[in-house]
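A.B. asks: Have a look at this one before I ask anything.
The values are calculated or read from the model by the stated rules, or taken from the named source; none is laboratory data. The structure displayed is predicted, hence computed values, not measured ones. Neighbour counts run over all protein chains shown; Cβ positions are idealised from the backbone, glycine included. In case anyone asks, the SASA skips ligands and DNA or RNA and just uses the protein heavy atoms, side chains included. Shrake-Rupley method; radii C 1.70, N 1.55, O 1.52, S 1.80 Å.
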Amino acid sequence: MSNDFSRVRTAEDYTAARAASIEDPEAFWAAQAERFTWRRRWDRVLEWEFETPSVKWFIGGRLNITENCLDRHVEAHGDRTALIWEPNDPKEQARRITYSELHERVCRYANVLKAKGIGKGDRVVVYMPMIPDLVVGVLACARIGAIHSVVFCGFSARSLADRINDAGAKAVLCSDGMFRGPKEMPVKSVVDEALEQCTTVEHVLVSRRVGWDVSMQPGRDTWLADELEHVDATCPAEEMDSEDPLFILYTSGSTGKPKGVVHTIGGYMVYTDYSFRNVFQYEEGQVFWCTADVGWITGHSYITYGPLLAGATQVMFEGVPTFPDPGRFWQVVDKHRVNVFYTAPTAIRSLMACGLDHVLSYDLHSLKVLGTVGEPINEEAWHWYKTHIGKDRCPVVDTWWQTETGGILISSLAGVTDEKPGHAAHPLPGVQPVLLNAEGGEITGNGEEGLLCMKFPWPSILRTTWGDHERCRQTYFSAFKGMYFTGDGAKRDLDGRYRIIGRVDDVINVSGHRFGTAEIESAINQAKGVVESAVVGYPHDIKGQGIYAYVITEAPVGDPEDMRGHIVEAVRQAIGPIAKPDKIQFVSGLPKTRSGKIMRRILRKVAEGELDKLGDTSTLLDPKVVDEIQEGRL
Ligand code: WT7
């Protein structure tokens, strides 16, 4: 190929790259894969079918992703800064870690894991705040071929235990505690509590962050720092198969049980690097900052892997946007001369609500590209971001993707393809979206709305759900034959740009985080005195969607605030504080069909305040409950 399109720089390039990627996907992706270090070249680029499903990329290829994130950069430019770690407290000094230093730290950490008998295929759960050891620990797993599963530090002991058990993890990497804004919070003691319900974990490695005296179980728990003293500074990378699992990341779906999305090495590597460089138009030497936590897919693909694969310099931030004040993001942008800034609409909306004073004292002239991810962005927030943060000179990319897609699938390419508020806009080269009607027929015209599916695999598509391949088939590949179903509805505007409307299943997107209604209901039902509950999402100014719970109790509620407290506590224990309901309405019954199915449509309309749009209620078992629910609306 005369042009391998590894870097699309113009709108014409984009059109040509997309055409080439559709005409000959194998040649297109093989050209991208050439950029990496492989121990053995692949025999075939792609084999796939969406029935079972089975998708394999770069078949027969052998590699280690950390040689691509680290070793090849150490050879070329080891003194380049890989991570600029900005601590929670602005008074604490930031730390810069070069590619050479990161390489050494990963090797040492990997040697510690090896000395504990952890190796290829073993599962390691990582439960850590945003400190450098989090990225180092994750890469150390990849170095030795262990499968990492990062669990966001805001999840409760019970959620953590469920994930450890589902993965059958042999080790847990954690810290003593964590800083979050003005608060200090426990981490190790949450792990201890979780491990009371787990039998597979043999080792717990603890990083020191807050300096607490935590309990250490002899034979099981050790301080990482002590272990690091006894190991070598080099660690040969384990040779892996392109299709070996790289990680498991748990995410919510329509059922109560989170599923372990599995990504494999070769395809994930090629796609995260490709999408990172092209969407953000990242140039060598620039400073990139993604504000997500490594506990979510965004922090896997656009902190841990994408930027390091591309040899980028990036900020890793431990804190929160509002500490010590709502100007923190902008202060950090100025301090580290950030060029590319990637955050969530919910963060933009919450900072927007704090007023412009917190923005205007900063210069922000280093910024070149802005991005958003996680949920649809409303036009008001988009314009505020564009005008007040980007000063009307930075392109804004609205990036649509999912835990399951591994990387950004629909987005403008910064400054290359056009942008439009509220629109993720254009499929990346190699991505083939389609809109379907409810019967599965393809909607080919523009200006139409449908269910968003993908008809062809891209390299970082999920391969399975851990321990339950049938669930993967059921959830993503069974709704429409031969299609990957995203769970989102979308509209194509008259010029063919995609606008993501939101989930069409029982999934709520709270501040860009995904929760299944069933998962929250089962947590609520564990509160004493609760008989049954139904949870729906409703529009929330800051979070995008809020959680509205309808709850039936055993006895009439005495003090509603007391009962609400119990329910919130039950959710906190089962899932974590991030999933706690915003509104709890006590009801004597739920609108059910004669077959006993809850009619969520009605509950959603009440929660949204669209009381005149309840639709047909004649099929309900007891239409009277709807009146009661409407009257008691919060
Ligand atoms: C769901 C995936 C991808 C990382 C963060 C969330 C929604 C994501 C956008 C966007 C509109 C978006 C979708 C998607 N979503 N990005 N730019 N515009 N909606 O990952 O937890 O796997 O959730 O988030 O509904 O299906 P996730």
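A.B. asks: Tell me which residues, restricted to region 454-482, are in contact with a strand residue (DSSP E or B) (Cβ under 7 Å, 6 or more places away or on another chain), open to solvent by less than 30 Å² (accessible area, probe 1.4 Å) and part of a loop (DSSP other than H, G, I, E, B).
C.D. replies: Residues satisfying the conditions are Pro457, Pro459, Ser460, Ile461, Leu462, Arg463, Phe480.
A.B. asks: Say we look at region 80-93 and pick out the residues that are not in a strand (DSSP E or B) and not polar (S, T, N, Q); which of these is surrounded by the fewest Cβ atoms within 10 Å (Cβ to Cβ)? Give the steps one after another, and end with the answer.
C.D. replies: Residues of region 80-93 that are not in a strand (DSSP E or B), as a first pass: 80, 87-93.
Add one more test, that the residue is not polar (S, T, N, Q), and what stays is 80, 87, 89-92.
On the way: Arg80: 16, Pro87: 18, Asp89: 14, Pro90: 16, Lys91: 7, Glu92: 13.
Across region 80-93, the extreme among qualifying residues is Lys91.
Results for (1) within 24 Å of Lys183 (Cβ to Cβ); (2) at pLDDT below 95; (3) touching a His at 6+ places or on another chain (Cβ under 9 Å), shown as yes or no for each residue.
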site: Val320; (1), (2), (3): yes, no, no
site: Gly327; (1), (2), (3): yes, no, yes
site: Val359; (1), (2), (3): no, no, yes
site: Tyr362; (1), (2), (3): no, no, no
site: Val369; (1), (2), (3): no, no, no
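A.B. asks: Further question on the same structure: Quick check on my filter: what residues within region 443-453 are loosely packed, with under 14 Cβ neighbours inside 10 Å and at negative phi?
C.D. replies: So in region 443-453, the residues loosely packed, with under 14 Cβ neighbours inside 10 Å come out as 444-447.
Scanning region 443-453 gives Thr444, Gly445, Asn446.
A.B. asks: Anything in region 536-583 that is farther than 23 Å from Arg604 by Cβ and charged (D, E, K, R)? List them, or say none.
C.D. replies: Across region 536-583, the qualifying residues are Glu554, Asp559, Glu561, Asp562, Glu569, Arg572.
A.B. asks: Being open to solvent by 20 Å² or more (accessible area, probe 1.4 Å), farther than 20 Å from His263 by Cβ and away from the ligand (no atom under 13 Å from the Cβ) is the filter here, so list the residues in region 418-442 that pass it. Walk me through how you get there before you give the answer.
C.D. replies: As a first pass, look at region 418-442 and keep what is open to solvent by 20 Å² or more (accessible area, probe 1.4 Å): 418-421, 426, 432, 437-442.
Checking the rest, the ones that are also farther than 20 Å from His263 by Cβ come to 418-421, 426, 437-442.
Passing the criteria: Asp418, Asn437, Ala438, Glu439, Gly440, Gly441, Glu442.
A.B. asks: For region 109-131, how many residues are in contact with a Lys or Arg (Cβ under 6 Å, 6 or more places away or on another chain) and closer than 24 Å to Gly154 by Cα?
C.D. replies: 1
A.B. asks: Kindly list, by first and then second residue, each pair from a residue in region 496-508 that is more than 16 Å from Val536 (Cβ to Cβ) and touching a residue at least 60 places away in the same chain (Cβ under 8 Å) to a residue that is assigned to a strand (DSSP E or B) and near the ligand (Cβ under 7 Å from one of its atoms), limited to pairs with Cβ atoms under 6 Å and residues at least 6 apart or on different chains.
C.D. replies: Ile500/Trp400; Ile500/Asp488
A.B. asks: Ok, one more. Would you mind finding the one in Asp505, Asp488 that is in a strand (DSSP E or B), within 14 Å of the ligand (Cβ to nearest atom) and within 20 Å of Arg604 (Cβ to Cβ)?
C.D. replies: On the way: Asp505 fails: in a strand (DSSP E or B).
Step by step, each of Asp505, Asp488 is checked, and only Asp488 is in a strand (DSSP E or B), within 14 Å of the ligand (Cβ to nearest atom) and within 20 Å of Arg604 (Cβ to Cβ).
A.B. asks: If you don't mind, there's one more thing I want to ask. Just for region 253-285: of the residues that are surrounded by fewer than 24 Cβ atoms within 10 Å (Cβ to Cβ) and modelled with pLDDT under 95, which one is nearest to the chain's Cα centre (by Cα)?
C.D. replies: Among those residues, the one meeting the criterion is Pro258.
A.B. asks: Right, here's the next one. Among the residues of region 376-392, is any open to solvent by 10 Å² or more (accessible area, probe 1.4 Å), out of contact with any helix residue (DSSP H, G or I) (no Cβ under 7 Å at 6 or more places or on another chain) and in contact (Cβ under 8 Å) with a residue 60 or more places away in the chain?
C.D. replies: yes
A.B. asks: Restricting to region 550-576, give me the number of residues that are closer than 17 Å to Ala534 by Cα and open to solvent by less than 30 Å² (accessible area, probe 1.4 Å).
C.D. replies: 10
A.B. asks: Let me ask something else about it. Can you find, within region 284-310, the residue that is farthest from the ligand (Cβ to nearest atom) among those that are touching a Gly at 6+ places or on another chain (Cβ under 8 Å) and closer than 17 Å to Arg80 by Cα?
C.D. replies: Selected residue: Glu284.
A.B. asks: Kindly provide the set of residues from region 510-558 that are assigned to a loop (DSSP other than H, G, I, E, B), more than 21 Å from the chain's Cα centre (by Cα) and either farther than 21 Å from Arg633 by Cβ or hydroxyl-bearing (Ser, Thr, Tyr) (or both), ordered by number.
C.D. replies: Initial filter on region 510-558 (assigned to a loop (DSSP other than H, G, I, E, B)): 511-512, 525-529, 541-543, 554-558.
Among the residues that remain, those that are also more than 21 Å from the chain's Cα centre (by Cα) are: 525-529, 541, 554-558.
Of everything in region 510-558, those that are assigned to a loop (DSSP other than H, G, I, E, B), more than 21 Å from the chain's Cα centre (by Cα) and either farther than 21 Å from Arg633 by Cβ or hydroxyl-bearing (Ser, Thr, Tyr) (or both) turn out to be Asn525, Gln526, Ala527, Lys528, Gly529, Glu554, Ala555, Gly558.
A.B. asks: What number of residues within region 1-45 satisfy the criterion of being more than 13 Å from Pro459 (Cβ to Cβ), touching a residue at least 40 places away in the same chain (Cβ under 8 Å) and part of a helix (DSSP H, G or I)?
C.D. replies: Here the count works out to 7.
A.B. asks: Which one of the conditions (1) outside the structural domain of Lys583 (by TED's automatic domain parsing); (2) open to solvent by 50 Å² or more (accessible area, probe 1.4 Å) does Asp505 fail to meet, given that it meets all the rest?
C.D. replies: (2)
A.B. asks: Output the residues belonging to region 64-79 that are in contact with a helix residue (DSSP H, G or I) (Cβ under 6 Å, 6 or more places away or on another chain) and outside any helix (DSSP H, G or I).
C.D. replies: Filtering region 64-79 down to residues in contact with a helix residue (DSSP H, G or I) (Cβ under 6 Å, 6 or more places away or on another chain) leaves 65-66, 68-70, 73-74, 78.
Once the filter is applied, which keeps residues that are in contact with a helix residue (DSSP H, G or I) (Cβ under 6 Å, 6 or more places away or on another chain) and outside any helix (DSSP H, G or I), region 64-79 yields only Gly78.
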